[in-house]
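Engineer: Structure incoming, see below.
The values are calculated or read from the model by the stated rules, or taken from the named source; none is laboratory data. Computed from a predicted structure; not experimentally measured. We place every Cβ from the backbone using ideal geometry, glycine too, and count neighbours over all the protein chains shown.
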Amino acid sequence: MNIAIYPGSFDPITKGHLDVLKSGSEIFDKVIIAVATNSEKSGFLPVKVRVELIKKAVKEMGLRNVEVDSFTGLTIDYAKQKDAEVLLRGLRAVSDFEYEMQLSQTNSALCDNIKTVFMITKPEYNFISSSTVKEIYENNGDISKFVPKAVDEYLKNKL
Ligand code: ADP
């Protein structure tokens, strides 16, 4: 079985992330979208909430071969644990490229058989980022165009 891990902060998950996830789910037998827990950064939403919101969004989209999880430690160790040899990442603009290339090459240097596959979203989702969503939300703007219903509802209720 060809399993891919889609690791990230997903703080919160956006329609851009979900577009990458959907494309990945059409290519691989199984995609595990996994929230990476960063011990130094507490983040905007707790990891448990991020996972719950992703689960709701995945259910809403009807993606059957997608699993939602979280992990601590190195992504390559998590991938090994899950029998996955592919990491799925998204590319938005040239500005993402340098960081993503460095990350991908570091992971390959750490683990020989790990490969990173990059997906590019549809143009309408390309400019969306979690940090922009947070900024709009914190300034009382409407984020509904950028995030799945579950995130929009959760954040509206939080206000
Ligand atoms: P990280 O903190 O690991 O960068 P993010 O949650 O910000 O985690 O992003 C996870 C992955 O999704 C990254 O590869 C990022 O480039 C990609 N991504 C984020 N937003 C988009 C988008 N709108 N279109 C395509 N890829 C995206």
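Engineer: Listed residues Ala4, Ala34; which is touching a residue at least 12 places away in the same chain (Cβ under 8 Å), touching a Ser or Thr at 6+ places or on another chain (Cβ under 7 Å) and among the aliphatic types (A, V, I, L, M)?
Structural biologist: Testing whether each residue is touching a residue at least 12 places away in the same chain (Cβ under 8 Å), touching a Ser or Thr at 6+ places or on another chain (Cβ under 7 Å) and among the aliphatic types (A, V, I, L, M) leaves just Ala34.
Engineer: Considering each of Asp11, Asp69 in turn, give the residue that is among the charged types (D, E, K, R) and either outside any strand (DSSP E or B) or at pLDDT below 95 (or both).
Structural biologist: Asp11
Engineer: Looking only at residues in the stretch 109-159 that are part of a loop (DSSP other than H, G, I, E, B) and small (Gly, Ala, Ser), which one is nearest to the chain's Cα centre (by Cα)?
Structural biologist: It comes out as Ser129.
Engineer: Of everything in the stretch 14-31 that's more than 10 Å from the chain's Cα centre (by Cα) and not in a helix (DSSP H, G or I), which residue is surrounded by the most Cβ atoms within 10 Å (Cβ to Cβ)?
Structural biologist: Applying the filter and picking the extreme gives Val31.
Engineer: In the stretch 21-42, what count of residues is obtained for those that are touching a helix residue (DSSP H, G or I) at 6+ places or on another chain (Cβ under 8 Å) and not hydrophobic (A, V, I, L, M, F, W, C)?
Structural biologist: The qualifying residues number 2.
Engineer: Say we look at the stretch 13-30 and pick out the residues that are touching a strand residue (DSSP E or B) at 6+ places or on another chain (Cβ under 9 Å) and hydroxyl-bearing (Ser, Thr, Tyr); which of these is farthest from the ligand (Cβ to nearest atom)?
Structural biologist: Residue satisfying both the conditions and the ranking: Ser25.
Engineer: Please find, among Val133, Val151, the residue that is touching a Phe, Trp or Tyr at 6+ places or on another chain (Cβ under 7 Å), in contact (Cβ under 8 Å) with a residue 60 or more places away in the chain and within 16 Å of the ligand (Cβ to nearest atom).
Structural biologist: Residue meeting the stated conditions: Val133.
Engineer: Still on this model: Starting from residues that are closer than 14 Å to Asp152 by Cα and not acidic (Asp, Glu), keep the ones in the stretch 38-54 and report whichever is surrounded by the most Cβ atoms within 10 Å (Cβ to Cβ).
Structural biologist: The qualifying residue surrounded by the most Cβ atoms within 10 Å (Cβ to Cβ) is Ile54.
Engineer: Moving to a separate point now. Would you confirm whether or not the stretch 13-21 contains a residue that is in contact (Cβ under 8 Å) with a residue 12 or more places away in the chain, out of contact with any Pro (no Cβ under 7 Å at 6 or more places or on another chain) and over 18 Å from Ile143 (Cα atoms)?
Structural biologist: There is at least one residue in the stretch 13-21 that is in contact (Cβ under 8 Å) with a residue 12 or more places away in the chain, out of contact with any Pro (no Cβ under 7 Å at 6 or more places or on another chain) and over 18 Å from Ile143 (Cα atoms).
Engineer: Right, next: Here are Phe44, Phe10: which of them is within 13 Å of the ligand (Cβ to nearest atom) and either over 11 Å from the mean Cα position of the chain (by Cα) or free of Cβ contacts under 8 Å to residues at least 24 places away in the same chain (or both)?
Structural biologist: Phe44
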